Amino acid sequence: MFSGYENCMLCPRRCGTDRRERAGFCGAPAGAVVARTMLHLWEEPCISGMRGSGAVFFSGCNLRCTYCQNRDISVAIKGRRMTDEELAEEFLRPEREGAHNIDLITAAPYLPSVINALDIAKRNGLSIPVAYNTGGYEREEAIDALSPYVDVWLPDFKYASPALAAKYSHAADYPDIALRAIKRMCELAGPPVFGEDGMMKRGVVVRHLVLPGHRDDSKEVMKRLSEIGADRFILSLMRQYTPDFADESCDLRRRVTTFEYNDVLSFARELGLDGYMQSAESATSAYTPDFDRS
């Protein structure tokens, strides 16, 4: 299943495309394409810390979010095509630069290459934690295959409603699939573990972006997450939605109001969920990396 790119079944779409010949829904070819590697200072504090996370941004995505802030690389395939050996070197470089961890961002389309490269990197001295940063649309089998390599899981849980998932991410089955994936991550990682420096060494951080006009769905997301167990993960409740990135089909043309965000936040706290929150100032394109830089 995870040995190559022919008859691709890597993600829940199971499109069966021979990616050696053409791209599937994700737009990704056979073999990893890296858009940018950088020290990322804008992840959650337990991920970025003071020195930054070694973010590796992959091109392509198995979702089509109409408001994606990384549209330049999620829809367009931009960056450098790498062999597994070159990708392993890309994983090793952030550690030499002082990164707290390696942050693999939207790596799902390249699972065979990522696993091979992690094997090579670990044989060559990679010792900092590996974080897997995903939109949440993952097969449980893929999570199991990654579990020997991944220390920290960073999934989104975007929607509770299949209708919203279909409308905004073209994946009506997203809510059930993402929830199963998060449960599996929590089972594999166990409760969050932090080092003396406050950095997460093992565990799960679940991200949810509050969307304008849809706070009721956000509250249903909080309810479903609470059923996993508040002590099993850290919640990151995001307020950074900005209409600057919305495409023509997206009707979300304003930012989230203080009332909307605080209503979801209060509900999460009532359910015993704890973690990170964002200020209104986070809703800006200033925090989106420049993918035209090498």
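Annotations
- With all protein chains in place and ligands, DNA and RNA left out, the 1.4 Å accessible area ranks Trp42, Trp153 as Trp42, Trp153, largest first.
- Within the assembled protein chains, the solvent-accessible surface assigned to Arg269 is about 150 Å², based on a 1.4 Å probe.
- Loop trypsin sites (Lys or Arg not before Pro), the stretch 226-256 (other Cβ atoms within 10 Å of the site Cβ: 15 or fewer; DSSP): Arg253, Arg254
- Calculated FRET value between Asp274 and Arg96, using beta carbons and R₀ = 25 Å, to 0.05: 0.15
- Accessible area ranking (1.4 Å probe, heavy atoms, ligands and nucleic acids excluded), largest first, for His214, His170: His170, His214.
- Take the chain with all the other protein chains still there, run a 1.4 Å probe, and you get 42 Å² of accessible area per residue.
- Distance (nanometres) between label positions extended 7 Å along Cα→Cβ at Glu89 and Ser266: 5.6 nm
- Sites Ala163 and Met50, calculated FRET efficiency, Cβ-Cβ separation with R0 35 Å, nearest 0.05: 0.25
- Solvent-accessible ranking of Asp173, Asp84, largest area first, probe 1.4 Å: Asp173, Asp84
- The chain: most fluctuating residue of Phe245, Phe57, Phe233 per GNM, C-alpha cutoff 10 Å: Phe245
- Across the accessible surface of the chain, with the other protein chains kept in place and a 1.4 Å probe, carbon and sulfur atoms take up 48 percent.
- For the stretch 113-134 versus the stretch 1-34, the gap between their alpha-carbon centres in whole angstrom: 20 Å
- Within a Gaussian network of the chain (alpha carbon springs, distance under 10 Å), most fluctuating of Ser169, Ser53, Ser282: Ser282
- Charging the Cβ of each Asp and Glu at -1 and of each Lys and Arg at +1, and nothing else, the dipole of the stretch 12-133 about its Cα centre rounds to 420 debye.
- Lysines with Cα under 21 Å of Lys223, excluding same-chain neighbours fewer than 8 positions away: Lys158, Lys183
- GNM on the chain, alpha-carbon springs under 10 angstrom: the most fluctuating residue among Arg202, Arg180, Arg96 is Arg96.
- Isolated Cys in the chain, by beta carbon distance under 4.7 Å: Cys8, Cys11, Cys15, Cys26, Cys46, Cys61, Cys186, Cys250
- Within the chain, the longest segment free of exposed loop sites, counting GluC sites (Glu not before Pro) that fall outside DSSP classes H, G, I, E and B and have at most 14 other Cβ atoms within 10 Å, spans 98-195.
- Rounded to 5, the percent of DSSP beta bridges in the chain classed as antiparallel: 30 percent
- Förster radius 35 Å - calculated FRET efficiency between Glu220 and Leu39 (Cβ-Cβ, nearest 0.05): 0.45
The values are calculated or read from the model by the stated rules, or taken from the named source; none is laboratory data. None of these values were measured; they are calculated from a predicted model. Backbone-built Cβ (ideal geometry, glycine too); neighbour counts: all protein chains shown. In case anyone asks, the SASA skips ligands and DNA or RNA and just uses the protein heavy atoms, side chains included. Shrake-Rupley method; radii C 1.70, N 1.55, O 1.52, S 1.80 Å.
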